[in-house]
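Reviewing the structure listed below.
The values are calculated or read from the model by the stated rules, or taken from the named source; none is laboratory data. All values reported here derive from a predicted model rather than from experimental measurement. Methodologically, a virtual Cβ is constructed for each residue, glycine included, from the backbone with ideal geometry; neighbour enumeration extends over all protein chains shown.
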2 protein chains.
Amino acid sequence: MIPFEEMRNLAQATPSRIVLLVMDGIGGLPHPETGKTELESAHRRNLDRVAREGICGMSHPVSPGITPGSAPGHMALFGYDPVKYQFGRGIVEALGLDIEVGPGDVVARGNFCTVDASGNITDRRAGRLATAINHELCDLMNAHVRVAGVQAGFFPGKEHRFVLRLRGKGLSDRVADTDPQREGMQPLPAKALAAEAESTAKAVRSVVKQVQSLLADRKPANMLLLRGFSRHPDYPSLRDIYRLTPACIATYPMYRGVARVVGMDILPAGETLQDEVETLKRNYKSYDYFFLHFKKTDARGEDGDFAAKVKAVEEFDAALPAILELEPDVLIVTGDHSTPAGLAMHSWHPVPVMLRAKHCRRDDVDEFTERACLRGGLGQIQAMDLMPLAMANALKLNKFGA
Amino acid sequence: MIPFEEMRNLAQATPSRIVLLVMDGIGGLPHPETGKTELESAHRRNLDRVAREGICGMSHPVSPGITPGSAPGHMALFGYDPVKYQFGRGIVEALGLDIEVGPGDVVARGNFCTVDASGNITDRRAGRLATAINHELCDLMNAHVRVAGVQAGFFPGKEHRFVLRLRGKGLSDRVADTDPQREGMQPLPAKALAAEAESTAKAVRSVVKQVQSLLADRKPANMLLLRGFSRHPDYPSLRDIYRLTPACIATYPMYRGVARVVGMDILPAGETLQDEVETLKRNYKSYDYFFLHFKKTDARGEDGDFAAKVKAVEEFDAALPAILELEPDVLIVTGDHSTPAGLAMHSWHPVPVMLRAKHCRRDDVDEFTERACLRGGLGQIQAMDLMPLAMANALKLNKFGA
């Protein structure tokens, strides 16, 4: 891909619209009994229609063999080199919880955990604490934890997860995780990874100590673990690079968080795919780029539930006609990575992709499956190249060079 | 490929095993009479079985149009960018002769040559000197050449070739070639290419002067030419990057040398493919990564002997079942470059590759040939991406990013 500085000179705002539909974790592997993948096993009337009318291929989120997390998977789909534009865990979590993170703030992802009498971790997730108790504990800490010159805020997430936000002068995110990511060990002391982080590390150690005494008599959550100290990334936005007015429609906070980093407006997406499609229809006139995220394909893949992932594909397929009715100038359907039910986790396998647009140079592929997309006109493509391709097909990119 | 620093954070040691089988120079071109390549002409029962059970593609050792030498071809297969991780000529030659090169040593490739009365080169190879005379000359020089503070060692190779090894304190490899690579000129003086190389250049000039008088009355070898001054490369090892315990099984010194540079243990490989397979079986429990090198396909290709290269493929095919019996978790079969018999040299053509593993997402390819692999699920891949792909398929790589 050409550098953003060059892209800026080529991009122009036009009335044409790009819709990116992300079926999270869509790529799969064959079921041992049928030899068919999840996509191959599903009824895909509408997906196949797009394949027939468009150009298909296989997308590599990062590079061969690399299994991406959700943040790099999506950054690539938004046109950002996922190795260059990385996120700390803390910021991903904070953005996902809609927490305001200022330019000087440092955030970390926290777990409530259980330690035994000698301080060794016995459960890194405190039995996947009830979310209500998590709220209660965060309230308690917000009421009592005090550090000189630093404002420490605790924001509850789901189950055992929370975000610690530090606000103050001269903070640094170069602080090591206190989470050893293993049970049977003591939490690690917060250590500065650079000289400029000494005072931040000291503040974190003070926070940890205070929380430890506050929680001492609680069960099962009697300690906390912190990881991924990070700042808000200051990355160029889609508006800036591509002159787009972009919007995000996602029911899960994490994806909204990543979209916010690249400057998308976050639309209230509701709870279901139906809600998301309604949001898209309602806001269709107001934006020229939409990212619509469908979580279930990934979630069912991570559950290792092949049949349920097939059903999720079919749910998406059923929702597609309402999107096609909008007649987007450029429609892309793909995933941020593969999540084969047989592996029950994100994987390194390339992801089927299709792009439909008036001038897309159709190929012979007439099915949206891993096998069929292999023979597609896009070939094997870097995920981050899809964004310029979308822009080109929307006739939003001028000629490069004289 | 993501940088090694990132890879280090993803790699984990597991009991799974990777076996890389390199059929040197395996890619070919059609025979003018049959229209079939060497691979297409061979009986390939076992190779085709692996193709059927795995995922296939075409591998580019360096980049389109670039014909690789053996060192870059193998570095790419080991996952190293062959443009970034280069070898000097001297070190390649030294490794090929199994010469011990210490961290402070400097080596150069030498030619015995013929000069006329006025010192102009009349034959850069001294009539491709008999190897026995080469040995005799090296003995002579080892007995007489003396430089203060530097130990100069001469190691005979084949015909007119030898290696000069300098051992001492403060040596530098920034010394210009004395070989003008042209006849009718005088050998060039050994010139320092950097200030820190002045004393090394002086030592080289002294060596050259002494050799010149030692050889003055000899015919046809009455002078020497030196090129490719280099040190042992200090590259990150496969242990370091991938947490592997790797072993090399190769009958030719050159390949052992390259494997040593990336930190492989060198197993005694014997003389034949049979010996190599026995070595693999004997050591199978002790390592989690094996590189097994088969030379004949390249050697017969370089001979321009199409039928003999076909036979070499069949010899390899016959040896394959014994390797398959070990049931490696990940098996890769490919070459380091193409050596079409019709060209009788290394070539730029991409190389067929196949990978077999439990979760490899099989394609429809059922033959290990250039034509069939073109349609494979790996697509056209950079050779250096095969290593992360092997790691992923061995489930030895964690997720990248949150």
Query raised in the report: Does A:Arg182 fit the bill of being assigned by TED's automatic domain parsing to the domain that holds A:Glu136 and assigned to a loop (DSSP other than H, G, I, E, B)?
Result: yes
Query raised in the report: What do you reckon, is B:Arg8 of a type in the set (D, E, K, R), part of a helix (DSSP H, G or I), modelled with pLDDT of 95 or more and crowded, with 17+ Cβ neighbours inside 10 Å?
Result: no
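May I ask you to say which residue of B:Val313, B:Val330 is modelled with pLDDT of 95 or more, crowded, with 21+ Cβ neighbours inside 10 Å, more than 22 Å from the chain's Cα centre (by Cα) and in the same structural domain as B:Tyr255 (by TED's automatic domain parsing)? Working first, answer last.
Values: B:Val313 fails: more than 22 Å from the chain's Cα centre (by Cα).
Answer to the check: B:Val330.
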**Report entry** Sole residue being within 17 Å of A:Val92 (Cβ to Cβ) and touching a residue at least 60 places away in the same chain (Cβ under 8 Å), chosen from A:Val175, A:Val207
**Finding:** A:Val175
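Yes or no: A:Glu314 touching a strand residue (DSSP E or B) at 6+ places or on another chain (Cβ under 7 Å) and acidic (Asp, Glu)? Even if it seems obvious, please write down each step before you answer.
Numbers: touching a strand residue (DSSP E or B) at 6+ places or on another chain (Cβ under 7 Å): no; acidic (Asp, Glu): yes.
When the stated conditions are applied, A:Glu314 does not pass them.
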**Report entry** Test set (1) in contact with a strand residue (DSSP E or B) (Cβ under 7 Å, 6 or more places away or on another chain); (2) within 14 Å of chain B (Cβ to nearest Cβ) - A:Gly342 fails condition number
**Finding:** (1)
Query raised in the report: Could you list, in sequence order, the residues of region B:11-35 that are more than 15 Å from B:Gly304 (Cα to Cα) and touching a helix residue (DSSP H, G or I) at 6+ places or on another chain (Cβ under 8 Å)?
Result: B:Ala11, B:Arg17, B:Ile18, B:Val19, B:Leu20, B:Leu21, B:Val22, B:Met23, B:Thr34
Report task. Count, please, the residues in region B:173-199 that happen to be crowded, with 17+ Cβ neighbours inside 10 Å and under 23 Å from B:Leu137 (Cα atoms). Result -> 5
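When the residues of region A:83-114 are filtered to those that are among the aromatic types (Phe, Trp, Tyr) and closer than 23 Å to A:Pro236 by Cβ, which remaining residue is farthest from the other protein chains (Cβ to nearest Cβ)? Working first, answer last.
Of the residues in region A:83-114, the ones among the aromatic types (Phe, Trp, Tyr) are A:85, A:87, A:112.
Applying the additional criterion that residues be closer than 23 Å to A:Pro236 by Cβ yields A:85, A:87.
On the way: A:Tyr85: 10, A:Phe87: 6 Å.
Checked region A:83-114; the qualifying residue farthest from the other protein chains (Cβ to nearest Cβ) is A:Tyr85.
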Requested in this report: State all residues of region B:296-329 that are within 24 Å of B:Met387 (Cβ to Cβ) and either in contact with a Cys (Cβ under 8 Å, 6 or more places away or on another chain) or free of Cβ contacts under 8 Å to residues at least 24 places away in the same chain (or both); if no residue qualifies, say none.
Outcome: B:Glu327
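Only one of B:Gln181, B:Gln212 is under 26 Å from the mean Cα position of the chain (by Cα) and farther than 30 Å from B:Leu20 by Cα. Can you tell me which? Lay out the reasoning, then the answer.
Working: B:Gln212 fails: under 26 Å from the mean Cα position of the chain (by Cα).
Sole residue among the options that is under 26 Å from the mean Cα position of the chain (by Cα) and farther than 30 Å from B:Leu20 by Cα: B:Gln181.
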Report summary line: Expected output for region B:384-400 (first residue at the interface with another protein chain (Cβ under 7 Å from one of its Cβ atoms) and under 15 Å from B:Gly79 (Cα atoms), partner modelled with pLDDT under 95 and assigned to a loop (DSSP other than H, G, I, E, B), Cβ below 6 Å, 6+ apart or cross-chain) is B:Asp385/B:Met1
Query raised in the report: Counting only residues that are within 7 Å of chain B (Cβ to nearest Cβ) and not hydroxyl-bearing (Ser, Thr, Tyr), which one in region A:59-76 is nearest to A:Asp385 (Cα to Cα)?
Result: A:Val62
Query raised in the report: Which condition number in (1) in a loop (DSSP other than H, G, I, E, B); (2) crowded, with 17+ Cβ neighbours inside 10 Å; (3) of a type in the set (Gly, Ala, Ser) is the one that B:Ala51 fails?
Result: (1)
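Just to verify a result, which residue in region B:347-368, among those that are out of contact with any helix residue (DSSP H, G or I) (no Cβ under 6 Å at 6 or more places or on another chain) and closer than 14 Å to B:His337 by Cβ, is farthest from the other protein chains (Cβ to nearest Cβ)? I'd like the intermediate steps shown before the answer.
In the first step, residues of region B:347-368 are kept if they are out of contact with any helix residue (DSSP H, G or I) (no Cβ under 6 Å at 6 or more places or on another chain); the result is B:347-351, B:353, B:355, B:358-359, B:361-364.
Then keep just the ones that are closer than 14 Å to B:His337 by Cβ; that gives B:347-351, B:353.
Working: B:Ser347: 23, B:Trp348: 20, B:His349: 19, B:Pro350: 14, B:Val351: 16, B:Val353: 11 Å.
Ranking the candidates gives B:Ser347 first.
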Requested in this report: List every residue pair whose Cβ atoms lie under 7 Å apart, where the two residues are 6 or more positions apart in sequence or sit on different chains, the first residue falls within region B:96-121 and is at pLDDT 95 or above, and the second residue, located anywhere, is assigned to a loop (DSSP other than H, G, I, E, B) and of a type in the set (Val, Ile, Thr).
Outcome: B:Val107/B:Val101
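Please specify each residue of region A:1-44 satisfying the condition of being polar (S, T, N, Q) and away from chain B (no Cβ under 14 Å). Break it down stepwise before answering.
Step one: list which residues in region A:1-44 are polar (S, T, N, Q), which gives A:9, A:12, A:14, A:16, A:34, A:37, A:41.
Once the filter is applied, which keeps residues that are polar (S, T, N, Q) and away from chain B (no Cβ under 14 Å), region A:1-44 yields A:Asn9, A:Gln12, A:Thr14, A:Ser16, A:Ser41.
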Query raised in the report: Got a number for residues in region B:61-95 being surrounded by fewer than 21 Cβ atoms within 10 Å (Cβ to Cβ) and assigned to a loop (DSSP other than H, G, I, E, B)?
Result: 11
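Tell me, which residue of region B:6-55 that is charged (D, E, K, R) and over 12 Å from B:Glu367 (Cβ atoms) is farthest from the chain's Cα centre (by Cα)?
Selected residue: B:Glu33.
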Query - Condition met for A:Arg227 (in contact with a Lys or Arg (Cβ under 7 Å, 6 or more places away or on another chain) and closer than 19 Å to A:Leu137 by Cα) - result: yes
Requested in this report: Would you check which residues across region B:369-383 are closer than 16 Å to B:Phe291 by Cβ and either facing chain A (nearest Cβ under 10 Å) or not small (Gly, Ala, Ser) (or both) and list them?
Outcome: none
